[in-house]
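The values are calculated or read from the model by the stated rules, or taken from the named source; none is laboratory data. Everything numeric in this text was worked out from a predicted model, so none of it was measured. Ideal geometry is used to build each Cβ from the backbone, glycine not excepted, and the neighbour counts take in all protein chains shown.
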Amino acid sequence: MTHSGIARKTAALVILLSMALLCGPAYAQQAAPALDIRIIGAAPAEPGLARDGNLRAGAAVADITPPKSAWNVMMAGYFNPQQTPQGAHDKLHAKALVIDNGQVRLCIVTTDLLSIPINLRNATLAKLSPSAGLAPDRVLMCASHTHSGPGGLTEMKFAARFLGGFRPDLADFVAAKIARAIEAAAARLRPATLGYAAEDVAGFTHNRRGNKTINPRVAVIRVDGTDQKPIALLVNFGTHPVFLDEDNRLFSADFVGYMLGAIEARRGGVAMFANSAQGDQNPDQDEKLTTAYARAEAYGKRMALEAMRIAARAPTRQQAALASILGDLQLPKPTVDVETRRVPIMAMRLSDVLLLGVPGEATAEVGLEIEKRARQFGFELPVVIGLANDEIAYILSREDYLRGEYEAKMSFYGPDLGPLMVAAMTDIASRIQPVSRAYSAAPAVPAAESGPAPAARDAAGQGRRTSRAR
Ligand SMILES: [Zn+2]
């Protein structure tokens with residue numbers, strides 16, 4: 001390149017940088033990174049043509065607490081080789097919800113694990129009986145991100161250093177248990193109704209990277225039998241289950257176990273937790289309580305009450321459109337010694353809810369941007385599900401990445417990863433646009449809660465308040 005060429009390019013760069021600074025860091029002003037997405041599968045084949053149908057649903061639970069023979073494993077979460085398990089404080093679970101409308105059958109799996117490494121997802125799907133009727137593009141798997149579950153589940157390069165070496169025996173045990181839970185849920189399909197609602201709650205999460213961004217929204221998806229008996233309640237909220245620290249030597253689901261236990265005891269059915277964009281979120285702790293388990297219990301039970309209160313006012317419908325799409329996204333070149341690879345990205349539509357499966361730990365800022373963009377396509381309730389189907393660690397906006405610190409160091413694919421993931425999730429959401437205005441003829445009916453009486457029951461429609469637009 002000639003000297004004048006360099007000068008011209010430098011001048012152009014200065015102008016571009018000045019423009020970028022003037023425009024601020026909003027995603028909209030940034031050039032979208034080039035997307036390389038392959039569509040693996042979709043249901044129906046054209047997900048935009050999903051139609052309403054009568055719902056059936058089933059749910060099942062598996063105990064995935066590692067057996068004693070596998071306790072010589074590192075616990076996952078704190079990267080501490082000395083943190084080996086001495087027992088289980090409470091059980092770790094995998095829970096499966098299968099929902100079918102006669103046209104499409106979908107499955108959501110939640111787990112008390114740090115993450116779902118791709119090899120665990122693939123092993124689970126390989127063990128799944130064809131009789132369950134679920135192709136890979138219909139199955140969304142996610143992890144609560146408990147830091148008191150087992151390591152040893154991932155084959156990825158970084159795993160040996162951070163999570164202990166790969167343990168095929170343990171991964172095989174967990175995959176088989178999850179597969180059996182999915183099959184059991186599919187075998188229990190019965191006529192069902194679907195409801196959903198969301199609301200902001202205060203006092204549950206804070207940003208641990210020193211900025212103020214949080215997403216205080218609790219979103220719930222409620223699936224009941226037409227006999228009014230609850231089948232499942234799925235709770236979505238974004239924070240780290242880290243009440244228990246690296247001194248803890250007992251397997252535990254952390255606050256999530258207390259929350260779901262309280263919901264199941266009070267309401268019946270299977271309670272499930274899908275984490276959201278929790279990359280920079282830690283839970284607000286009640287410091288007056290002296291033990292970590294007491295703080296986890298208080299927090300979990302408080303969130304259970306919020307989730308049941310929100311669910312109680314969710315109008316339900318017997319008919320809903322279901323659709324899903326699974327793609328894989330080429331990641332940028334890694335900045336550290338990890339695999340250059342493609343990762344699954346997924347969107348799943350349940351009526352006018354759009355679940356967006358992000359394969360890692362997005363910050364609240366990144367998650368809110370993904371949901372905002374999905375809302376533009378007409379979805380009433382876009383819901384980011386983090387730690388879904390794979391784990392690529394932290395996903396930050398470019399500015400946040402360049403600020404450095406722990407989460408940026410644990411973000412392995414450079415400054416463009418956040419913008420790339422936002423663009424990719426937007427792309428996948430656009431392919432599954434709702435057409436419910438054309439097809440959803442059946443009106444939702446007001447909530448009829450079979451669990452605790454709601455404090456105030458809204459009329460249909462009003463009760464479906466979603467979080468304010470951001
Ligand atoms: Zn984390």
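Please pick out the residue among Phe166, Phe79 that is within 15 Å of the ligand (Cβ to nearest atom), surrounded by fewer than 21 Cβ atoms within 10 Å (Cβ to Cβ) and not polar (S, T, N, Q).
Every option except Phe79 fails the conditions.
Results for (1) modelled with pLDDT under 95; (2) in contact with a Gly (Cβ under 9 Å, 6 or more places away or on another chain); (3) in the same structural domain as Asn119 (by TED's automatic domain parsing); (4) under 24 Å from Gly41 (Cβ atoms), shown as yes or no for each residue.
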{"site": "Ile325", "(1), (2), (3), (4)": "no, yes, no, yes"}
{"site": "Gly367", "(1), (2), (3), (4)": "no, yes, no, no"}
{"site": "Arg375", "(1), (2), (3), (4)": "yes, no, no, no"}
{"site": "Gly378", "(1), (2), (3), (4)": "yes, no, no, yes"}
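Within the stretch 400-418, the residues that satisfy the criterion of being surrounded by fewer than 20 Cβ atoms within 10 Å (Cβ to Cβ) and touching a helix residue (DSSP H, G or I) at 6+ places or on another chain (Cβ under 8 Å) are Leu402, Ala408, Gly414, Pro415, Asp416. Out of the residues in the stretch 284-302 that are surrounded by fewer than 24 Cβ atoms within 10 Å (Cβ to Cβ) and either acidic (Asp, Glu) or within 21 Å of the chain's Cα centre (by Cα) (or both), state the one that is nearest to the ligand (Cβ to nearest atom). Taking the candidates together, the pick is Asp284. The residues on offer are Phe273, Phe243, and the sole one that is assigned to a strand (DSSP E or B) and surrounded by 17 or more Cβ atoms within 10 Å (Cβ to Cβ) is Phe273. Taking the conditions exactly as written (aromatic (Phe, Trp, Tyr), within 16 Å of the ligand (Cβ to nearest atom) and under 25 Å from Glu371 (Cα atoms)), does Phe243 satisfy them or not? Criteria not met by Phe243. State which residue is farthest from the ligand (Cβ to nearest atom) when the search covers only the stretch 356-399 and only residues that are surrounded by fewer than 24 Cβ atoms within 10 Å (Cβ to Cβ) and part of a helix (DSSP H, G or I). Of everything passing the filter in the stretch 356-399, Arg375 is farthest from the ligand (Cβ to nearest atom). Within the stretch 210-224, residues that are more than 11 Å from Leu194 (Cα to Cα) and assigned by TED's automatic domain parsing to the domain that holds Ala198 sit with their Cβ atoms under 6 Å from residues that are aromatic (Phe, Trp, Tyr) and in a strand (DSSP E or B), at 6+ positions apart or across chains, in these pairs: Val218/Phe237.
Is there a residue being within 16 Å of the ligand (Cβ to nearest atom) and in contact with a strand residue (DSSP E or B) (Cβ under 6 Å, 6 or more places away or on another chain) anywhere in the stretch 338-354? No - not one qualifying residue is present in the stretch 338-354. Considering the stretch 210-233, the residues that are at pLDDT 95 or above, closer than 30 Å to Tyr406 by Cβ and assigned to a loop (DSSP other than H, G, I, E, B) include one that is farthest from the chain's Cα centre (by Cα), namely Thr213. Taking the conditions exactly as written (basic (Lys, Arg) and within 18 Å of the chain's Cα centre (by Cα)), does Arg105 satisfy them or not? The answer is no for Arg105.
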